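Here the structure is laid out as structure tokens; the discussion comes afterwards.
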Amino acid sequence: MEVILLERIEKLGQMGDVVKVKPGFARNFLLPQKKALRANKGNLEFFNKQRAQLEAINLKRREEASAVAVKMDGLKVLMVRQAGEGGQLYGSVSGRDLADAVKAAGYTVERSQVALDQPIKTLGSYPIRIALHPEVSVTVTVTVARSQEEAERASAAAAAEAAAEVEVEAEEEAEAPAADEASEA
């Protein structure tokens, strides 16, 4: 089935593209979500008349999403969950849980905007992508821990490890010019 895309869809195409998709994808997702129109003469003419208006609406939404993305950049969310001795969670952290945690941090995010490939089932820190708009996404760091104190210890250890890595890189960069000068002499 051929459809005309009304907005950018990841791994499919840009606004205005006429793409061939499976009928079920069009019937169950694209058409009910108003993300596409069936590709026929009437809809193509309608789209061409409305194109400027649709692009203006898309631009406005993208600017709003970009503004929110700037505010959300570097956001760290803590999820406290029960876990076994090996760090295995009793249950898992799903996209719904992550959306609720980001909402608690003061941002409006829907469950469908959280790009979680598979549920989180162990303790630790995970970078999670949140698609605020088809063209704007932000990465949020989610820390899953047994308690608030454990999360603080883990984040302090991660910060110390990152500082040590930066220090080692700086030393390597300082040694590299000195080695180059020695080889030239």
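A few comments on the model shown:
Conditions (1) closer than 30 Å to M15 by Cβ; (2) at pLDDT 75 or above; (3) assigned by TED's automatic domain parsing to the domain that holds S66, marked per residue:
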| position | (1), (2), (3) |
| --- | --- |
| A105 | no, yes, no |
| T122 | no, yes, no |
| I130 | yes, yes, no |
| V138 | yes, yes, no |
| A151 | no, no, no |
| A164 | no, no, no |
| E169 | no, no, no |
| A174 | no, no, no |
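Residues are listed down the side, and each one gets a yes or a no for (1) surrounded by fewer than 17 Cβ atoms within 10 Å (Cβ to Cβ); (2) touching a Leu at 6+ places or on another chain (Cβ under 6 Å); (3) farther than 22 Å from S112 by Cβ:
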site: E2; (1), (2), (3): yes, no, yes
site: F25; (1), (2), (3): yes, no, no
site: L30; (1), (2), (3): no, no, no
site: A39; (1), (2), (3): no, no, yes
site: N48; (1), (2), (3): yes, no, yes
site: A52; (1), (2), (3): yes, no, yes
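- All positions within the range 75-105 that are free of Cβ contacts under 8 Å to residues at least 40 places away in the same chain and closer than 15 Å to V142 by Cα: S92, S94, G95, R96, D97, A99, D100, V102, K103, A104, A105
- Per the listing K11, K49, K34, the residue uniquely part of a loop (DSSP other than H, G, I, E, B) and without any contact (Cβ under 8 Å) to a residue 12 or more places away in the chain is K11.
The values are calculated or read from the model by the stated rules, or taken from the named source; none is laboratory data. Keep in mind that what you see is a predicted model, and the values were worked out from it rather than measured. Cβ sites come from the backbone with ideal geometry, for glycine too, and all protein chains shown count toward neighbours.
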